[in-house]
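Notes follow the structure.
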Amino acid sequence: MCGRPLGLQFDSRTGDLYIADAYLGLMKVGPDGGEAQVLATHADDDGAAFRFVNGLDVDQATGDVYFTDSSATYPRRFNTEIMTGRFLKYDARSKQVTVLRAGLPYPNGVAVSSDRTHVVVAHTVPCQAFRYWIKGAKAGQYELMADLPGLP
């Protein structure tokens, strides 16, 4: 099966290009190019395989990668089915993937805030943006940030 990259982001410290591939999982290409290396195909804490890896962003200070698996149940070709997505973190130091939130309705786009206090996650089906706090008193909380006027 060939891949389908849906999210791309460089780590400015290392020059690595991280890839969210719908079929193959979380991948990386080194600064000298070459073939993409699969970093993860499942979450380490729950063992569940990725079904529809979609968006990602890199924390440019730590190298940690935040990404979405839009459905823990259905692959990309069934993306109109009920979504049971997850928001995950790839720890650059430990090389482990942990689930930060599960049971999410079609999470896709991901963006680390410029001050690195939170990550914004767009949800397509409910047309909403959520904020996951990674620092401060609210660390670990997932809260509604905005109701969007259309599909993100």
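The table below gives the values:
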read-out	value
Prolate/oblate/rounded call for region 1-52, Cα gyration tensor, a/c under 1.5 rounded	prolate
Along the chain, longest interval not containing exposed trypsin sites (Lys or Arg not before Pro), exposed being DSSP loop plus at most 16 other Cβ atoms within 10 Å	14-92
Check: the chain dipole with +1 on Lys, Arg Cβ and -1 on Asp, Glu Cβ, in debye	160
Length-normalised contact order of the chain in % [C-alpha pairs under 8 Å, at least 6 apart]	14
Charge dipole of region 2-128 about the Cα centre (unit charges at C-beta), most positive-ward option of VAL121, LEU39, GLN9	VAL121
Three-way shape call for region 5-147 based on the alpha-carbon gyration tensor, with the a/c threshold at 1.5	oblate
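Each reported figure results from applying straightforward, stated rules to the coordinates on display, with no laboratory input. None of the values given here were measured: they were computed from a predicted structure. All Cβ positions, even for glycine, are placed from backbone atoms using ideal geometry, and neighbour counts span all protein chains on display.
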